[in-house]
Amino acid sequence: MSIFAGIYCRNESQRIPPSVCDSLKGLISSNVSGEISVFEDSRTFFVKIEVGTFIEKGSFSDAKGACLLAGEPLISDSREKDTLHIRQSLANGNFDAMTRARGAFCLADYQSATLTLVTDKLGIRPLYFWLDDNFVIFATALGILEKLKEIPKKMNVRAVTEIAAFGYPLGDRTPYENIFLLKPGEIVQINNKSVLRSKYWRWDEIEISNEPEEQLIKNIYQSFETAIKLRVGKDSATVAYLSGGLDSRCIVGLLSNGNTQVHTFNFARPNTQDQMFGRNFAQQASTIHTEVPKESGDHVPDYSAKMAQAWQKSPHRNTFPPERPGLVWSGEGGSVALGHVHLSSKIVQLMRENKIDEVIDEFFKRESIYISPKLLNPKVNWKLTKIVTEGIKEELDEIKTKDPARKFYLFLLLNDQHRKLANHFENIDLHRIEFHLPFFDSEFIAAILATPIEMCLGHKLYVKLLNYFPKTVTAVPWQAYPGHEPCPLPIPEGLSYQWDQQYQISEQRSLKRKLIKDAQELLKANDFPVKILNKNNIRLAVLVHWTGWRDYGYLIDGAKIYHRYWRICGGDYKL
């Protein structure tokens, strides 16, 4: 596990305030003990903390400057070598090393009086930065910049509106003006004269292959198999999530087939398909399996924290010890990248007909995305209600593909999936877990993009791909998405299905009490954002939600999001 942050002085006549250095060092180590590395000269102060998750260090410094790495580029079999490869590539003025990287990483490099910030091809590993005319401050966690007093906080209302709609902002936006997140495959080079932002990798340049379907499927499988082998290395034991679905199952199936002892963990509700199918597959794959059922109403818990707690308490931790106990295999990315879960044949058709407004409407309906005019103050409502739609259009305009249908897939990949693990990395100092993410392997994604999109919709390609996996993967039933390719095996009766309407209603009822309590506290708050939100409408929504006449949970959640950033920024905002 690694976290880093730093400040770079753009103006040679300025000096870095000692208070910033002290704050950065304190913030980066406030929740974790480990080896702290510091590099500083007249124009920089960099700080990094490691706890040995990857074993090899990912930092380097010499008389010419310093380079800090978080994550694992997977250019070679060594993080240390990868750091040097990227640094040398930047020194030569090219991006060769980054284009060969398959993993999730971010990096800050300082040499020749230039600061360079880099993130991986999907931007899975976040890197944030703030700048003005004199300084640049960067960090792998937004909370570090958020808590730094020297950075002025102004609420970016557009970004916060997108968070209320999607759960994340679009593009490079964050909830704060002048704090940005590097985009996927982006490199930012800053010196005293300029700020240059460019792409070293473009997913929309990958062309659709003319190979037959069987070969395309084989290419995808081989790239996934290689992604697993590269990440497992020489490990004889490892740790993985194991749900009742396909994503984690495919990973564990290949690991077990490769004679790696796997500690698997399932966090599903009792007596659900998610729990039972995970249990059944664990028996087939001979994993060391642990079940930690989540509580009713805990709809989307902090799975990273749950894994850390369960793994720490595991009685098998020392009996079959992994070489790298802080590394956990996650199936994140499988449903969207391979299963195309947020797409449909209707969206594909509308994209090819260039009916973008209809595409967005269809997407909003499918995903229940809605910013209610009732939530907002009438004075800002007209500005904000269409801003989410405009954001999607702007993102789509940046993507250039021969097949327009692939644009929307890439929109999801470069926004939804790009931000998917932001909370995991934000709190990495608390749970201290790094992820292996084979579904985000760049060669694997490239193989999918080379495949005609019609083959991929509704998990059709995914299910065909299963024929290449070890037989254990398809030996027991799995939980399928509604409307997608069903599991061909008989599904036992009496098990709850997480997308069943009754199950969802039960979950919402469990959430109701906490949501009402949060809403009441919000309405009493002295710093209620009256310039943004409609307090009377929210008060009425809370009453209606409490009576059960109508579900206004989405509206209350939206109000909480606006209030959080309004409070942090002290009511300073920009529409």
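The values are calculated or read from the model by the stated rules, or taken from the named source; none is laboratory data. Quick caveat: nothing in here was measured; it's all calculated off a predicted structure. FYI the Cβ positions are ideal-geometry reconstructions off the backbone, even for glycines, and counts take in every protein chain you see. Quick note on the areas: whole protein, heavy atoms, side chains included, nothing else; ligands and nucleic acids left out. Shrake-Rupley method; radii C 1.70, N 1.55, O 1.52, S 1.80 Å.
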Problem set entry | Selection from segment 374-402 of residues that are open to solvent by 40 Å² or more (accessible area, probe 1.4 Å), touching a helix residue (DSSP H, G or I) at 6+ places or on another chain (Cβ under 8 Å) and closer than 15 Å to R158 by Cα | T385, K393
Exercise. Within segment 331-354, is even one residue modelled with pLDDT under 95 and surrounded by 18 or more Cβ atoms within 10 Å (Cβ to Cβ)?
Worked result: no
For this session: Starting from segment 1-24, take each residue that is farther than 27 Å from G71 by Cα and hydrophobic (A, V, I, L, M, F, W, C) and list its partners that are open to solvent by less than 10 Å² (accessible area, probe 1.4 Å) and at pLDDT 95 or above, counting only C-beta distances under 9 angstrom and pairs at least six apart or across chains.
Result: I16/I7; I16/Y8; I16/C9; I16/T44
For this session: Name the one entry in S61, S30 that is under 24 Å from the mean Cα position of the chain (by Cα), open to solvent by 40 Å² or more (accessible area, probe 1.4 Å) and touching a residue at least 12 places away in the same chain (Cβ under 8 Å).
Result: S30
Seminar exercise, completed: Selection from segment 145-167 of residues open to solvent by 10 Å² or more (accessible area, probe 1.4 Å) and either farther than 14 Å from I369 by Cβ or in contact with a His (Cβ under 8 Å, 6 or more places away or on another chain) (or both) yields E146, K147, K149, E150, P152, K153, K154, N156, R158
For this session: Name the residue, out of I55, I36, I75, that is open to solvent by 40 Å² or more (accessible area, probe 1.4 Å), in a loop (DSSP other than H, G, I, E, B) and either more than 22 Å from W329 (Cα to Cα) or touching a residue at least 12 places away in the same chain (Cβ under 8 Å) (or both).
Result: I55
Exercise. Which of the residues belonging to segment 419-457 are more than 24 Å from I49 (Cα to Cα) and under 14 Å from the mean Cα position of the chain (by Cα)?
Worked result: P438, F439, F440, D441
For this session: Within segment 101-130, track down each residue that is open to solvent by 10 Å² or more (accessible area, probe 1.4 Å) and more than 24 Å from the chain's Cα centre (by Cα).
Result: Y110, Q111, S112, A113, T114
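Only one of these is under 27 Å from Y573 (Cβ atoms) and touching a Lys or Arg at 6+ places or on another chain (Cβ under 6 Å): I392, I387, I399. Name it.
Numbers: I392 fails: touching a Lys or Arg at 6+ places or on another chain (Cβ under 6 Å); I399 fails: under 27 Å from Y573 (Cβ atoms).
Selected residue: I387, the only one of I392, I387, I399 that is under 27 Å from Y573 (Cβ atoms) and touching a Lys or Arg at 6+ places or on another chain (Cβ under 6 Å).
If you take the residues of segment 266-296 that are among the acidic types (D, E) and touching a Ser or Thr at 6+ places or on another chain (Cβ under 9 Å), which of them is farthest from M307 (Cα to Cα)?
Of all residues in segment 266-296, those among the acidic types (D, E) come to 274, 291, 295.
Then keep just the ones that are touching a Ser or Thr at 6+ places or on another chain (Cβ under 9 Å); that gives 274, 295.
Details: D274: 16, E295: 15 Å.
The qualifying residue farthest from M307 (Cα to Cα) is D274.
Take segment 396-417 and flag every residue that is assigned to a helix (DSSP H, G or I), farther than 19 Å from Y128 by Cβ and touching a residue at least 40 places away in the same chain (Cβ under 8 Å).
Going residue by residue through segment 396-417, those that are assigned to a helix (DSSP H, G or I) are 396-398, 405-417.
This time we only want the ones that are farther than 19 Å from Y128 by Cβ, so: 396-398, 405-413.
Scanning segment 396-417 gives L396, A405, R406, K407, F408, Y409, L410, L412, L413.
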Exercise. Under 6 Å by Cβ, and 6 or more places apart or on different chains, what pairs join a residue from segment 194-214 that is touching a residue at least 60 places away in the same chain (Cβ under 8 Å) with one that is part of a strand (DSSP E or B)?
Worked result: Y200/I187
Exercise. Looking at this structure, is A282 modelled with pLDDT of 95 or more, more than 25 Å from the chain's Cα centre (by Cα) and open to solvent by less than 10 Å² (accessible area, probe 1.4 Å)?
Worked result: yes
For this session: Exactly one condition in (1) over 20 Å from L413 (Cβ atoms); (2) modelled with pLDDT of 95 or more is not met by E150; state its number.
Result: (2)
Exercise. Hey, any hits in segment 252-263 for a residue that's under 20 Å from M307 (Cα atoms), open to solvent by less than 10 Å² (accessible area, probe 1.4 Å) and not in a helix (DSSP H, G or I)?
Worked result: yes
Exercise. Is it the case that Q284 is in contact with an Asp or Glu (Cβ under 8 Å, 6 or more places away or on another chain), farther than 17 Å from F444 by Cα and not in a loop (DSSP other than H, G, I, E, B)?
Worked result: no
Seminar exercise, completed: Within segment 513-534, the count of residues that are open to solvent by less than 60 Å² (accessible area, probe 1.4 Å) and either assigned to a helix (DSSP H, G or I) or under 20 Å from I371 (Cα atoms) (or both) comes to 11
Problem set entry | Odd one out for K420 among (1) in a loop (DSSP other than H, G, I, E, B); (2) farther than 30 Å from E146 by Cβ; (3) open to solvent by 40 Å² or more (accessible area, probe 1.4 Å) | (2)
Exercise. Is there a residue being outside any helix (DSSP H, G or I), out of contact with any Gly (no Cβ under 8 Å at 6 or more places or on another chain) and at pLDDT 95 or above anywhere in segment 494-506?
Worked result: no
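Does S304 satisfy the criteria of being over 21 Å from the mean Cα position of the chain (by Cα), open to solvent by less than 30 Å² (accessible area, probe 1.4 Å) and over 22 Å from E56 (Cα atoms)? Write out each step before concluding.
On the way: over 21 Å from the mean Cα position of the chain (by Cα): no; open to solvent by less than 30 Å² (accessible area, probe 1.4 Å): yes; over 22 Å from E56 (Cα atoms): yes.
No, not satisfied.
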Problem set entry | Checklist (1) modelled with pLDDT under 95; (2) under 26 Å from P482 (Cα atoms) applied to K386, failing item | (2)
For this session: Can you confirm whether segment 407-415 contains a residue that is open to solvent by less than 50 Å² (accessible area, probe 1.4 Å) and more than 19 Å from the chain's Cα centre (by Cα)?
Result: yes
Seminar exercise, completed: Exception for R249 within (1) open to solvent by less than 50 Å² (accessible area, probe 1.4 Å); (2) under 19 Å from the mean Cα position of the chain (by Cα) falls at (2)
Exercise. In the list L430, L461, L489, which residue meets the criterion of being over 30 Å from K183 (Cβ atoms) and either open to solvent by 20 Å² or more (accessible area, probe 1.4 Å) or out of contact with any Lys or Arg (no Cβ under 9 Å at 6 or more places or on another chain) (or both)?
Worked result: L489
Problem set entry | Residue in segment 229-242 that is without any contact (Cβ under 8 Å) to a residue 12 or more places away in the chain, closer than 26 Å to I448 by Cβ, assigned to a helix (DSSP H, G or I) and open to solvent by 50 Å² or more (accessible area, probe 1.4 Å) present | no
